[in-house]
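The values are calculated or read from the model by the stated rules, or taken from the named source; none is laboratory data. Note that the structure is predicted; figures quoted are calculated from it, not measured. As a convention, Cβ positions derive from the backbone with ideal geometry for all residues, glycine included, and neighbour counts pool all protein chains shown.
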Amino acid sequence: MPTAPPPSRDVALETRVFWERFKKEITAALLIMLLAAIAYTGYRFYSDRRTAAASALLASAKNAQEYQQVIVRFPNTPAAAAAYLLLAEAQRNEKKFAEANTMLQTFIAKYPQHELVSTARMAMAANLESLGKTDEALAMYQQIASTYPNSFNAPMALFSQVYILKAKNRNDDARRICETILTQYRTSIWAGEAMQQLRLLKPSGSPAPGPAQTATAPPLLARPPAPAPPPAPQAPPPPKKP
């Protein structure tokens, strides 16, 4: 039995019917997309202008007050992040080590994923050393080396521990640090410094260097002293004249 042919479709008519049925929804969706594109373009334009202005202000900044201005006027910009670090460096140069560490801690809290976080922590450890807090500095150097093992600061954080350990007379620990640098960071510039320190370091139990002393053999192994030479014969006295 022959089958009936499928009914013909009028595509243009179906499209018109679909448009008439969903005209309001389609128009609203297109309008939303257009407004979103305009808003995004405006935001990018504003953001680019703001970033450029922040970079220009940072480039002209020369002191702590001007770095602070960049942070206040252009927060959450790359220039503001750099301004935190430069402001902390300016405070360190003024020997305001505690204030510098506060600024660095603020930078780390605001930009935890920034590529210079390990550098900020290194600066904090150095400031702690300048404040005489060597135990805290040592702990921070250890944390940097373990938390950021693949960063360029890792071998420097290890090597910075060597001087603190030497000052505490922990030469064995300092030697282990140098050996770690030579093993894990042999291609870094700190490998040569570590090798030089290894030549200078002595085990903790070795006596302090003093004046040179002559080694003496045990009595049973000592060479007997050479016998004294016999006295030279004396010439006879000249005869007396009569």
If I filter region 189-200 for residues that are within 16 Å of the chain's Cα centre (by Cα) and either closer than 27 Å to R92 by Cα or free of Cβ contacts under 8 Å to residues at least 24 places away in the same chain (or both), do I get at least one hit? yes
**Prompt:** Regarding L128, is this residue outside the structural domain of K166 (by TED's automatic domain parsing), buried (at least 20 other Cβ atoms within 10 Å of the Cβ) and not hydroxyl-bearing (S, T, Y)?
**Reply:** no
Note: among A100, A64, A80, A123, just one is in contact with a Phe, Trp or Tyr (Cβ under 7 Å, 6 or more places away or on another chain) and at negative phi, namely A80
By my count, helices (runs of 4 or more DSSP H) wholly in region 96-155 with at least 1 residues that are among the aromatic types (F, W, Y) are 97-110, 134-147
Taking region 157-190 and the residues there that are surrounded by fewer than 18 Cβ atoms within 10 Å (Cβ to Cβ) and among the aliphatic types (A, V, I, L, M), the one that is nearest to A120 (Cα to Cα) would be I189
Per the filter on region 92-118, residues under 21 Å from S55 (Cα atoms) and touching a helix residue (DSSP H, G or I) at 6+ places or on another chain (Cβ under 9 Å) are M103, L104, T106, F107, I108, K110, Y111, H114, L116, V117
